[in-house]
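**Q** Take a look at the following structure, please.
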Amino acid sequence: MEALICTQNWLRSKGKSIDLQASMEEIEQYDNIDAELFEGGLSSISLEDCTSS
């Protein structure tokens with residue numbers, strides 16, 4: 001019963017507006033950080049390092 005009430009409240013609630021431009025800029029920043037980390041550190045790790053136990 002509680003799940004039904006929570007679901008009804010969720011469906012009736014007004015959606016949260018998002019700033020699409022700001023969100024896309026944030027994603028781009030994370031992509032740039034990811035690329036820098038991959039180029040700087042992760043590219044030097046060999047597959048053998050990841051598979052050996």
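**Q** In nanometres, what is the gap between the two model label sites at Lys14 and Phe38, each 7 Å from Cα along Cα-to-Cβ?
**A** Label-label distance for Lys14 and Phe38, simple model: 4.0 nm.
**Q** Another question, then. Using 0.36 nm per residue, how much length does the chain from Glu28 to Thr7 gain when fully extended, once their Cα-Cα distance is taken away?
**A** 4.2 nm
Each value in this text was obtained by applying a stated rule to the coordinates, not by laboratory testing. For clarity, every value in this text was computed on a predicted model and none was experimentally measured. We place every Cβ from the backbone using ideal geometry, glycine too, and count neighbours over all the protein chains shown.
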